[in-house]
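Have a look at the structure below before the remarks.
Here, each number is a calculation from the coordinates, and none is a lab measurement. A quick note: this is a predicted structure, and the numbers were derived from the prediction, not measured. Here the Cβ positions follow ideal geometry from the backbone for every residue, glycine too, while neighbour counts run over all protein chains shown.
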Amino acid sequence: MSNQLIRSEQKQSVLWLTLNSPATMNALSLEMLRELREQVRRVRNDKAIRCVVITGAGAAFSAGGDLKGFMEDLGRDNAEPLIERLEYAQDVFNELEALPVPVIAAVNGYAIAGGLELLLCCDIVLAAESARIGDGHARYGIIPAGGATARLPRKIGENRANQMFYTAELYEAEVLREWGLVNAVVPDDALLAEAERYAAKIASHSAVGLAFIKQILGSAAGETPAEKARAEIKAFRDYVKYPDLGEGLAAFVEKRRPQFAGR
């Protein structure tokens with residue numbers, strides 16, 4: 001299946017999504033966001049999909065929001081069309097983050113502002129050595145509206161997030177690996193192969209088990225460690241109803257690879 005602005009390809013149980021507007025550096029237009037939402041909902045409903053990889057065509061993962069579209073919306077009688085556009089983008093990002101399968105961002109080139117906000121919704125971030133990542137909102141007198149202020153401090157801490165927001169600078173992938181935003185930095189020509197390796201490993205595990213792990217990891221911030229630990233027991237109480245737990249234990253005892261069911 002292939003859309004105009006989101007190119008999709010399913011390889012066994014892994015869905016690859018490529019932002020496909022290289023001429024705009026994959027600016028997140030309304031049209032692209034609508035196609036991304038379609039794909040996100042496809043993943044949610046297709047239990048054969050166990051992992052998603054998102055990358056960009058051309059020189060950028062995504063250089064951010066569609067600022068020309070912002071200008072058109074702001075030029076009307078009131079700002080409500082722009083606010084509605086931003087709310088829509090945030091809804092799409094929230095749906096992506098809430099998917100029951102792990103999502104990998106394979107960051108090629110630039111990931112700025114909205115592009116940063118997109119990768120913040122992913123569970124694992126792999127970056128090419130040449131990738132440059134940052135929050136460029138302040139550079140053009142814009143403020144974040146895609147969830148960056150909620151997600152970035154959680155990933156890298158408040159002080160470093162403040163630095164990224166206030167300076168609007170772009171950072172090398174290796175710096176952001178040291179800060180904890182990026183999981184691994186690889187040569188440019190090895191990025192997709194590394195993403196494929198990660199995705200294959202993830203897809204080999206229990207899809208139901210990973211969905212429960214993701215649910216626990218996404219539980220409300222501010223809970224005490226003891227409360228968050230109890231969330232594991234609550235999830236385990238539900239997980240024992242699925243056959244994957246018994247299959248995994250049997251495979252361990254029998255010294256064989258487990259054969260897990262789908263979601």
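What does the helix-only formula give at 222 nm for the chain: each DSSP H stretch with n ≥ 4 adding -39500 (n - 2.57), the total divided by the residues, and the result rounded to the nearest 500 deg cm²/dmol?
Helix contribution divided over all residues of the chain: -14500 deg cm²/dmol.
What's the long-distance tail for region 149-263, i.e. % of Cα pairs beyond 16 Å?
The share of Cα pairs beyond 16 Å in region 149-263 comes to 74 percent.
Which far-off residues, 5 or more places away or on another chain, put their amide H under 5 Å from the one on V107, with H placed in the peptide plane?
Here L126, A127, A128 satisfy the definition.
In whole Hz, what ³J(HN,Hα) sequence does region 201-206 give by Karplus (6.51, -1.76, 1.60; θ = phi - 60°), x for Gly and Pro?
5, 4, 5, 7, 8, 5
Quote the charge dipole size of the chain about the Cα centre in Debye, to the nearest 20; the model charges only the Cβ of Lys and Arg (+1) and of Asp and Glu (-1).
1060
Which Cα, out of L67, H137, I202, lies furthest along the positive dipole direction of region 6-203 (beta carbon charges, K/R +1, D/E -1)?
Toward the positive end, the furthest listed residue is I202.
Roughly speaking, what is the centre-to-centre gap between region 15-49 and region 133-165 when only Cα atoms are used, to the nearest Å?
Result: 23 Å between the Cα centres.
With springs only between Cα atoms under 10 Å apart, run a GNM on the chain and tell me which of A27, A190, A251 wobbles the most.
Result: A251 has the largest fluctuation of those listed.
Over the chain, with a Gaussian network built from C-alpha contacts below 10 Å, which listed residue (A235, A131, A168) shows the highest mean-square fluctuation?
Highest fluctuation of the listed residues: A235.
Viscosity 1.002 mPa s, temperature 20 °C: give me the Stokes-Einstein translational D for region 90-183 in µm²/s, with Rh taken as the Kirkwood radius over C-alpha pairs.
Value of D from the Cα-based Kirkwood radius: 164 µm²/s.
Would you kindly derive the ³J(HN,Hα) couplings of region 145-159 from the backbone phi angles with the Karplus curve 6.51 cos²θ - 1.76 cosθ + 1.60 (θ = phi - 60°), listing them in order in whole Hz, with x for Gly and Pro?
Once rounded to whole Hz, the list reads 9, x, x, 4, 5, 7, 9, 5, x, 5, 7, 10, x, 5, 4.
If you wrap region 3-51's Cα atoms in a convex hull and average its projection over all directions, what's the area in nm²?
Reported value for the Cα convex hull: 3.3 nm².
Can you compute 3J(HN,Hα) from phi for each residue in region 240-250, using the Karplus curve 6.51 cos²θ - 1.76 cosθ + 1.60 with θ = phi - 60°, rounded to whole Hz and x for Gly and Pro?
These are the phi-based 3J(HN,Hα) values: 5, 6, 9, x, 5, 5, x, 5, x, 5, 5 Hz.
Run the paramagnetic zone check for D91: 7 angstrom along Cα to Cβ, then residues of region 97-138 with backbone nitrogen under 17 Å.
Backbone N within reach: 97-99.
Once you order the gyration tensor axes a ≥ b ≥ c over the Cα atoms, which shape class does region 207-254 get: rounded for a/c under 1.5, otherwise prolate or oblate by comparing a/b with b/c?
Taking the square roots of the gyration eigenvalues as a ≥ b ≥ c, region 207-254 is prolate.
Once you've got the Cα coordinates, tell me which of K11/K214; K201/K228; K47/K255; K155/K214 are over 18 Å apart.
From the list (K11/K214; K201/K228; K47/K255; K155/K214), the Cα-Cα distance tops 18 Å for K11/K214; K201/K228; K47/K255.
Under 13 Å from the Cβ of A113, count the other residues' Cβ atoms, weight Lys and Arg +1, Asp and Glu -1, and hand me the total.
-2
If you wrap the chain's Cα atoms in a convex hull and average its projection over all directions, what's the area in nm²?
About 15.3 nm², averaged over all directions.
Taking amide H positions as placed 1.01 Å from N in the peptide plane, with prolines and chain starts having none, which residues 5 or more places from W16, or on another chain, fall under 5 Å of its amide H?
Here the answer is E9, Q10, K11, V53, since their amide H atoms fall under 5 Å of that of W16.
Give, rounded to the nearest 20 debye, the magnitude of the charge dipole that region 207-254 has about its Cα centre when Lys and Arg contribute +1 at Cβ and Asp and Glu contribute -1 at Cβ.
Using Cβ point charges on Lys, Arg, Asp and Glu, region 207-254 gives about 200 debye.
Around L28, which amide H atoms from residues at least 5 apart in sequence, or from another chain, sit under 5 Å from its own amide H, with H modelled in the peptide plane?
G64, G65, D66
Using DSSP to define loop residues, name the trypsin sites (Lys or Arg not before Pro) in region 1-98 whose beta-carbon has at most 10 other beta-carbon atoms within 10 Å.
In loop regions of region 1-98 (DSSP not H, G, I, E or B), the sparsely surrounded trypsin sites (Lys or Arg not before Pro) are R76.
Gap in Å between the Cα centre of region 88-116 and the Cα centre of region 193-263?
Here the two parts' Cα centres lie 22 Å apart.
Starting from region 155-263, pick out the GluC sites (Glu not before Pro) whose DSSP state is loop and whose Cβ has at most 12 other Cβ atoms within 10 Å.
E223
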